[in-house]
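Trainee: First the structure, which I've put down as structure tokens, then a few questions once you've had a look.
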Amino acid sequence: MTAIERDTPFVWVTWLTKLMSGEDNCRWSSWFKAHHKYDKLPSDFDLTQWTAEHSQLVHRRANELESEGCGVRIEDENQFYLTGRDGITTLSGKPDIVAVRGDYVLVEDCKTGKPRNSDQMQVLIYMLVLTLVKPELAGKTIHGSLFYKDYPQIEIEPDAVNSDFIGVFQEVMEAVKGGDPCRKVPSYRECQFCDIGTDYCAERVDEEPLAVAATEHDLF
Ligand code: SF4
């Protein structure tokens, strides 16, 4: 199978978040996606069930926020494409919920799984770019939130979008959109969830490593 090179770099927000949080280390995966279209490996993830649960959660929260007096937009209504200062790179994402009441603006993502630091990175990126991609929100303060199906809600204050966060975002974004391939870090832990097959990544690790049966040591 042959990968088709994209004309210009394209970066989906969730290709950055686990790299930014340190949950994943294989930057090559995101770099490859940013620069190529390719045939993805099939996944046994139950997308139908996830979509149904996630959609229910989003609609429930949208109704709650509307009952509190907010104007609410969900899912595809919120999709954005932001061109970088290089004029060619596109950053795209889709916050689950954007709620507005007067000067109060909330961007919220709904999650059906366990809380992860990358969830917070995702909402922080939305908070960072929202006033750029929605000119009608310019000048307003953006609040963030993660609403979990089975865990307590996490609220993210506007000042969490600080220079440290922006620095991490810019460093990872520059690497992923750049012309030089990023470091490849093959490991079973990451490769088992990666949809890039061996046609494109010969170093892919599909077997769980076995413990080394060393016998001649007294370390422990
Ligand atoms: S298969 Fe593994 S090494 Fe290859 S891009 Fe994916 S995560 Fe990286």
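Trainee: Do you know which residues across segment 135-180 are in contact (Cβ under 8 Å) with a residue 40 or more places away in the chain and closer than 30 Å to GLU5 by Cβ?
Mentor: VAL168, PHE169, VAL172, MET173, ALA175, VAL176, LYS177, GLY178
Trainee: Separate question: Any residue at all in segment 94-108 that is closer than 19 Å to TRP15 by Cβ, buried (at least 20 other Cβ atoms within 10 Å of the Cβ) and charged (D, E, K, R)?
Mentor: The answer is yes, given that some residue of segment 94-108 is closer than 19 Å to TRP15 by Cβ, buried (at least 20 other Cβ atoms within 10 Å of the Cβ) and charged (D, E, K, R).
Trainee: Give me a count of the residues in segment 158-182 that are of a type in the set (D, E, K, R) and over 19 Å from the mean Cα position of the chain (by Cα).
Mentor: So the answer is 2.
Trainee: Could you list, in sequence order, all residues of segment 3-50 that are free of Cβ contacts under 8 Å to residues at least 40 places away in the same chain and among the β-branched types (Val, Ile, Thr)?
Mentor: ILE4, THR48
Trainee: Under the condition of being assigned to a helix (DSSP H, G or I) and among the acidic types (Asp, Glu), which residue from segment 145-198 is farthest from the ligand (Cβ to nearest atom)?
Mentor: Top of the filtered list is ASP159.
Trainee: Just wondering, is there one or more residues in segment 121-129 that are at pLDDT 95 or above, among the β-branched types (Val, Ile, Thr) and in contact with an Asp or Glu (Cβ under 8 Å, 6 or more places away or on another chain)?
Mentor: yes
Trainee: Take the residues in segment 44-85 that are surrounded by 11 or more Cβ atoms within 10 Å (Cβ to Cβ) and among the aromatic types (Phe, Trp, Tyr), then tell me which one is farthest from the chain's Cα centre (by Cα).
Mentor: TRP50
Trainee: Further question on the same structure: So the check is Cβ under 7 Å with 6+ separation or different chains; which pairs have a first residue in segment 113-128 that's closer than 9 Å to SER21 by Cβ and a second one that's among the acidic types (Asp, Glu)?
Mentor: Listed pairs, sorted by first residue: ARG116/GLU23; ASN117/GLU23; SER118/GLU23; ASP119/ASP109.
Trainee: Having 2 or more residues that are within 16 Å of the ligand (Cβ to nearest atom) and of a type outside the set (Ser, Thr, Tyr) is the bar; report the helices (runs of 4 or more DSSP H) wholly within segment 1-78 that clear it.
Mentor: 14-21, 27-35
Trainee: Picking from ILE142, ILE88, which residue would you name as being part of a loop (DSSP other than H, G, I, E, B), over 17 Å from the mean Cα position of the chain (by Cα) and among the β-branched types (Val, Ile, Thr)?
Mentor: ILE88
The values are calculated or read from the model by the stated rules, or taken from the named source; none is laboratory data. Here the structure is a predicted model, which means the values were calculated and not measured. In this analysis, Cβ positions are derived from the backbone assuming ideal geometry, glycine residues included, and neighbour counts consider all displayed protein chains.
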